[in-house]
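The next block holds one structure in the form of structure tokens; read it before the comments.
The values are calculated or read from the model by the stated rules, or taken from the named source; none is laboratory data. Just so it is clear, the structure is predicted and the values come from calculations on it, not from any experiment. Positions of Cβ are backbone-derived with ideal geometry, glycine not excepted, and every protein chain shown enters the neighbour counts. What goes into the accessible areas is simple: the full protein's heavy atoms, side chains included, and nothing from ligands, DNA or RNA. Shrake-Rupley method; radii C 1.70, N 1.55, O 1.52, S 1.80 Å.
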Amino acid sequence: SRGKFTTTDNADINWNTCAFTDMDAFVFMSYSTILATTFRRCGQVTQGGGVFTDCKFDNSTASIALVIDDITKVTNTEFISDGTGYAIEGFSSAGNYTLANLTFTNYVVSNGTTGNEAIHVLATSGIVNLTISGGNSPSIHTAGATVNVIVGAVNTTVIVKTLAGVNISGSRVLVSASTSGV
């Protein structure tokens, strides 16, 4: 019998450098902090607001390795597919989200509906912007929302001045991006 771990009261749970192999489901809550922990051939893990840093989800046996509700609390984490299932499921509403140092291995490369995309976006309408900050660019399956994956974003400041070097306030500026690097 595969063991399960379910948090039923929001207790202070702190795991560091743990490894779980061939377990069933894990359910956490917001006072959970999971650091440098490996879930190998385990069932679905539910974030429940907990923090996951430097973790590894290796060949999950579930159709979803990690169900998230707050992607900002999942960082520096690796997902390895066994060829079926999503790495992450979440993003139930339109908005802007940042994926910080997440890597996805053995998931399909292009977006689609195979069931082995790295991310399953639950939003059925609107626009979901996923900014990639470190890690690699994931494949996406969406429930209907338009998903933009933003890789290599940069912040830009534009200051408009006269020829004499005096700042001009209230100016309208058009900045055009180029994929050619020019």
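General observations
- One residue stands out in the stretch 63-75 among those that are of a type outside the set (D, E, K, R) and part of a loop (DSSP other than H, G, I, E, B): the one that is most open to solvent (accessible area, probe 1.4 Å), namely Ser63.
- Here Ser60 meets the list (1) surrounded by 19 or more Cβ atoms within 10 Å (Cβ to Cβ); (2) touching a helix residue (DSSP H, G or I) at 6+ places or on another chain (Cβ under 8 Å); (3) not charged (D, E, K, R) almost entirely, failing just condition (2).
- Flag for Tyr97 being over 27 Å from Met23 (Cα atoms), of a type in the set (Phe, Trp, Tyr) and either modelled with pLDDT of 95 or more or open to solvent by 40 Å² or more (accessible area, probe 1.4 Å) (or both): yes
- Qualifying positions in the stretch 6-27 - hydrophobic (A, V, I, L, M, F, W, C) and farther than 19 Å from Ser63 by Cβ: Ala11, Ile13, Trp15, Cys18, Ala19
- The residue that is farthest from the chain's Cα centre (by Cα), counting only those in the stretch 96-114 that are assigned to a strand (DSSP E or B) and of a type in the set (Phe, Trp, Tyr), is Phe104.
- Residue in the stretch 77-94 that is open to solvent by 30 Å² or more (accessible area, probe 1.4 Å), assigned to a strand (DSSP E or B), touching a Cys at 6+ places or on another chain (Cβ under 8 Å) and at pLDDT 95 or above present: yes
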